[in-house]
Structures are given as C-alpha cells and as structure tokens.
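Heads up, the thing below is written out as structure tokens.
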Amino acid sequence: MGGHDPYSASKGCAELVFSAYLKSFFSQGAAQNRPIGAASARAGNAIGGGDWGADRLVPDCIRALSGHQPIGIRSPHAVRPWQHVLDPIGGYLHLGAARWQDPGKYSGAWNFGPENDSHLTVAAMADRLIKYWGDGSWGDLSDPQALREAKLLKLNCDKAHTGLNWHSVLTIDECLQMTAEWYKIFYAAPPRDSMYEICTQQIAEYVERAKKRNLIWTENIGMQP
C-alpha cells in the first residue's frame, strides 16, 4: 500500500492508522476473550447510475452526451480499475458475512476491485460508454503542463480472491450497460418517476447473479424469517 502521488499516499496513510488500531485493540492479546476483530475495505473506481460528482469520468461523459456535446477528456491514456458500485458493495457484504463466521480470521485490510480485463484506459471507457449510450464523441484535452497525475492505478485483490473466494460479478461491459441504462431512463420523459424502480431492478438483478456465484452473503436472501 502506498503510492507516489498524494491521492495514493493518503490511502496508505489511512491503512497505517487502521493497522495500528487493529493491532493495539483487536489483536489476540489486546482483545482477550472478545471475538470481535476489525477489517478495512477499499474499492476501485466505482461507476453507476446516480453519480453526479464533478471531475469524474462517467458523470462528465453523461453530461456531455445528454447535451449532445463532445466529451472532453484530460487524460485519455490513464488506466483505472473500473467497476460497478454494486460489486464493491457485494464485496463488503461478503467480507461482513465471513467475519460473522470468524471475526479473527478475516480481520485486516482488503481490496475489492475488478478483474484484469476491467482495467481500461479513460479513452476506452469513453468509447464503450458512447457505444451503450447510442451516439457521441470525445476529444483529447490533455495538457502536458498539468499537475502530475498517476497514469496507472490498479488494485491487488489476490487476498480477496484467495482468502474470501470473492470475485467481481459483473464484466466491464455489463457495468457500462447498466450505467448507461440508468442515465437514459433518468433523461427520458417523465424524467424521474422511474428511478426508484430502475435502482431496485438493477440491485435485484445483481443479487440474482451473485446467488449463481454462491457468494456467502446471498445465502439467506429471499428466505422467510
């Protein structure tokens, strides 16, 4: 954990603070007979419907596409670990279910990110989002004099893969299809009446896919109390 730029380094700093807290208060000696444990979890670059953040790729793309304007991209060759927001949430639920069964074993830091084929350049993401939106274009606004920004960011999720048997449920194309669908419905008429329904529909579809993967957090979903 760490990084050469302030953004990446800040993540490493947070994990160092958590690690000190874990070892001080939840280690075998410190916790005594309290089987509690603690875990931290981080995600890759999450995308999905309902994100309106400034200077974020998908919201910027959607604002341009919905206004029939070219998408302006400042760093088209930067690579990021893209994933639909439901996948890291599923990862957190998976970790929580595992920790319920064995708090000590599953304590510590965990990364929840996409498979290798979902680590795409910003340009490739824009191209695919345009494809699922139906039309549009993008332009290169990169500035060689701009402040340094990491060109390659990836998450090592080997621990989650081997220790939790967790893998992302959605492919990158499924992520982008779901995302484009959400925003298309938002901009349709009537614009906002169906947003609750599309959110619950996408969540339900995700849960069904997760069930087919036999992810432990789905075991009791749908069962009567």
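The values are calculated or read from the model by the stated rules, or taken from the named source; none is laboratory data. Predicted model only: the values in this text are computed from it and were never measured. Cβ placement follows ideal geometry from the backbone for every residue including glycine, while neighbour counts extend to all protein chains displayed.
One table, with the values for the structure above:
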{"item": "Failed item, numbered, when Lys154 is tested on (1) surrounded by 14 or more Cβ atoms within 10 Å (Cβ to Cβ); (2) of a type in the set (D, E, K, R); (3) assigned to a helix (DSSP H, G or I)", "result": "(3)"}
{"item": "Residue under evaluation Tyr196, criteria (1) modelled with pLDDT of 85 or more; (2) under 19 Å from the mean Cα position of the chain (by Cα), criterion not met", "result": "(2)"}
{"item": "Pair list, Cβ under 6 Å, 6 or more apart: the range 154-176 residue of a type in the set (D, E, K, R), other residue crowded, with 16+ Cβ neighbours inside 10 Å", "result": "Lys154/Pro81; Lys154/His119"}
{"item": "Flag for Ala124 being part of a helix (DSSP H, G or I), closer than 30 Å to Ile198 by Cβ, assigned by TED's automatic domain parsing to the domain that holds Met178 and touching a Pro at 6+ places or on another chain (Cβ under 7 Å)", "result": "no"}
{"item": "Selection from the range 173-193 of residues that are at pLDDT 95 or above and over 16 Å from Asp51 (Cβ atoms)", "result": "Asp173, Glu174"}
{"item": "Residue list for the range 76-124, restricted to those being in contact (Cβ under 8 Å) with a residue 12 or more places away in the chain and of a type in the set (Phe, Trp, Tyr)", "result": "Trp82, Tyr92, Tyr106, Trp110, Phe112"}
{"item": "Residue ranges of helices (runs of 4 or more DSSP H) in the range 13-101 with at least 3 members in contact with a helix residue (DSSP H, G or I) (Cβ under 7 Å, 6 or more places away or on another chain)", "result": "57-66, 86-101"}
